[in-house]
Amino acid sequence: MTDVRRAYYDRIAAHGLTPLWEVLGALVPPEPRPPAVPALWRYAELREHVMEAGRVITAEEAERRVLILENPGLRGQSCITQSLYAGLQLILPGEVAPAHRHTQSALRLVLDGEGAYTAVDGERTTMRRGDFIITPAWTFHDHGNLGDQPVVWLDGLDIPTVRFLDAGFAEKAATQVQSVARPEGDALARYGANLLPLDYAPKPADPTKVFVYPHEKTRAAMQAIAAASAPDPHLAHKQRYVNPATGTSPMPTIAAFTQAIPAGFETRALRSTDGTIHVCLEGSGEAEIAGTTYRFAENDVFVVPSWHRLQLRASRDAMLFSFSDRPVQQALGLWREERL
Ligand code: 1HN
């Protein structure tokens, strides 16, 4: 840079000004250049460290005893992509994670152990492996473990999105454990059985009142689909979780998907602008992300950043759960996908 320019930049800096032409290329890149990098977390290697958290702090003291899955390209920022947060939460027998609410939306995917519950706005649901559970924005939620095993699940939240918008609010509930207002299964019966109350008229961005998507049902549906049709070249068998009352994503900021890949099948490369977190629920295989191969097995988590090519191969019949910020991008007209 010339001395004339340098001196000029220094002078205007004192007035809160800086030249666009020095940063234009980085501000408006020809295609996404996410700072997040591809990464995989092997549950078999993490499990002992997660259990150790149970000896270091109680759930009550921690409020939420979670180890954050921090993207290696975004260390110190508590996120797995620029828009999403993910972590592994542990709750030990007899513990409670106290009731609170916040404007951040959360999902849980149950990975290990049984006997815990999550309560959302006065209704509990027993957490079983593979269950997809949501706590929409501003709903009170607490967790408890009435069983005799440690229970671990993956949390996914839109924390970085809400932080970016400076729209975060949070508060603790008056009591640690919410009183039970409705029996278990009530929301599924009212809103998740191809039936709706007559006076229920949700707005398009309202989260679903169905706050648990039992794995048993998802698995049965995916097996029926896989048995009835050839896999799609790019997706194998992939379905999106929906708000059954509107057909939109369960929560306005996070989309979630289930995917079945038959043993021996390899998907063609695909890339999309929504950086996506994947969890292997069943089986095993490989994810080739922008040319690097990651082997995955049960409970492993891997992240595919925006616009990175993904190819999936199953060595044993695989079932993957995944989530991303796709509904945000679609609402803003930004989402793109390329099938190669
Ligand atoms: C939260 O409320 C939970 O409810 C988990 O289990 C992780 C991370 C940041 C902020 C709130 C939960 C969270 C969280």
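The values are calculated or read from the model by the stated rules, or taken from the named source; none is laboratory data. Given the structure is predicted, the values throughout are model-derived calculations rather than measurements. Reconstructed Cβ throughout: ideal geometry from the backbone, glycine too, with neighbour counts over all protein chains shown. Accessible surface is based on the protein model in full, side chains and every heavy atom, while ligands, DNA and RNA are left aside. Shrake-Rupley method; radii C 1.70, N 1.55, O 1.52, S 1.80 Å.
Which net charge results for the neighbourhood of residue 200, defined as the other residues with beta-carbon distances under 12 angstrom from its beta-carbon, given Lys and Arg at +1 and Asp and Glu at -1? Around residue 200, the charge tally is +1. The alpha-carbon atoms of the chain, seen along their principal axes, cover 73, 52, 48 angstrom, with the largest extent given first.
The listed residues 91, 57, once ranked by accessible area (1.4 Å probe) with the largest placed first, stand as 57, 91.
Among rounded, prolate and oblate, which fits the range 199-253 when a ≥ b ≥ c are the square roots of the eigenvalues of its C-alpha gyration tensor, a/c under 1.5 means rounded, and a/b larger than b/c means prolate? Cα axes put the range 199-253 in the prolate bin.
Hey, could you grab the Kirkwood Rh for the range 19-89? Inverse mean 1/r over distinct alpha carbon pairs, Å, one decimal.
Numbers: mean 1/r = 0.0679 Å⁻¹.
That comes to 14.7 Å for the range 19-89.
With a Förster radius of 35 Å applied to the beta-carbon distance between residue 100 and residue 330, the computed FRET efficiency rounds to 0.75. Simple spin-label estimate for residue 295 and residue 68 gives 3.1 nm between the two label positions (7 Å along the Cα-to-Cβ direction from each Cα).
The calculated FRET efficiency for the pair residue 184 and residue 27, based on their C-beta separation and a Förster distance of 41 Å, comes to about 0.20. Protein heavy-atom surface of the range 245-340, 1.4 angstrom probe: 48% of the accessible area is carbon and sulfur, with nucleic acids and ligands not counted.
Accessible area per residue for the range 46-89, computed on protein heavy atoms with a 1.4 Å probe, is 49 Å².
Each other residue within a Cβ distance under 12 Å of residue 243 adds +1 if Lys or Arg and -1 if Asp or Glu, for a net charge of +2. Think of a 1.4 Å ball rolled over the protein heavy atoms: the range 215-274 then has 44 Å² of accessible area per residue. Whole Å is fine, so just give me how far the alpha carbon centre of the range 57-73 lies from that of the range 318-336. The range 57-73 and the range 318-336 have Cα centres separated by 25 Å. The angle between the Cα long axis of helix 43-56 and the longest principal axis of the Cα atoms of the chain comes to about 80 degrees, rounded to the nearest 10.
Charge tally around residue 144: other residues with Cβ under 10 Å, Lys/Arg +1 each, Asp/Glu -1 each, net -1.
On a 0 to 90 degree scale, rounded to 10, what angle separates helix 3-13 from the longest Cα axis of the chain? Orientation of helix 3-13: about 50 degrees from the principal axis.
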